[in-house]
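First up is the structure itself, then whatever we jot down about it.
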Amino acid sequence: MADTVKTSLAKMDEAIMGVIGNYRSLILDAIAEGADEGANIFIKEAQKVSPPFEGKSKGSPRYRDCWAIKNRPKAKYVRSVGNTKRVKGKNGSQIPLINILEFSTVRGRPHVAKAVKNSEGQIMELYMSKLKKVGE
């Protein structure tokens, strides 16, 4: 980012703000690009550590195959990752299986924290590499 800007002393503040604005735009673009890639890194790790839960109904996708990214329209740089697998509750309602596996004291098999811990370093490296490219 070795751009040269010629300006007068009177318009120095405008020139500096223009350079900073361009640099900010490049950084935000790198963060947005990294959000999708980071979410995919987490999903791969979550699939590895997910319990091998097979659904009772035939043709139903396995729990580990139901990880998905949810984009948030008002949060450009945020990706939510969750599991879409649902099971029938006692009263016939649909309950997210991830809630049971993470929080049940009877059938619980917590695994999300392990996936976060295992993918954290890779995601940080991803963002660092994208930000370093902006600075070059």
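The values are calculated or read from the model by the stated rules, or taken from the named source; none is laboratory data. What you are looking at is a predicted structure, and each value in this text was computed from that prediction instead of being measured. Positions of Cβ are backbone-derived with ideal geometry, glycine not excepted, and every protein chain shown enters the neighbour counts.
Scanning the stretch 75-96 for residues that are more than 30 Å from Tyr127 (Cα to Cα) and in contact with a helix residue (DSSP H, G or I) (Cβ under 8 Å, 6 or more places away or on another chain), we see that the one that is modelled with the highest pLDDT is Arg86. Among the numbered conditions (1) under 30 Å from Ala30 (Cβ atoms); (2) of a type in the set (S, T, N, Q); (3) over 14 Å from the mean Cα position of the chain (by Cα), the only one that Ser119 does not meet is (3). Restricting Lys114, Lys74, Lys90 to those that are basic (Lys, Arg) and in contact (Cβ under 8 Å) with a residue 40 or more places away in the chain reduces the list to Lys114.
From the list Leu126, Leu101, the lone residue that is more than 15 Å from Gln47 (Cβ to Cβ), touching a residue at least 24 places away in the same chain (Cβ under 8 Å) and not hydroxyl-bearing (Ser, Thr, Tyr) is Leu126.
Could you tell me whether the stretch 12-35 includes any residue that is more than 11 Å from the chain's Cα centre (by Cα) and within 23 Å of Val112 (Cα to Cα)? No: zero hits.
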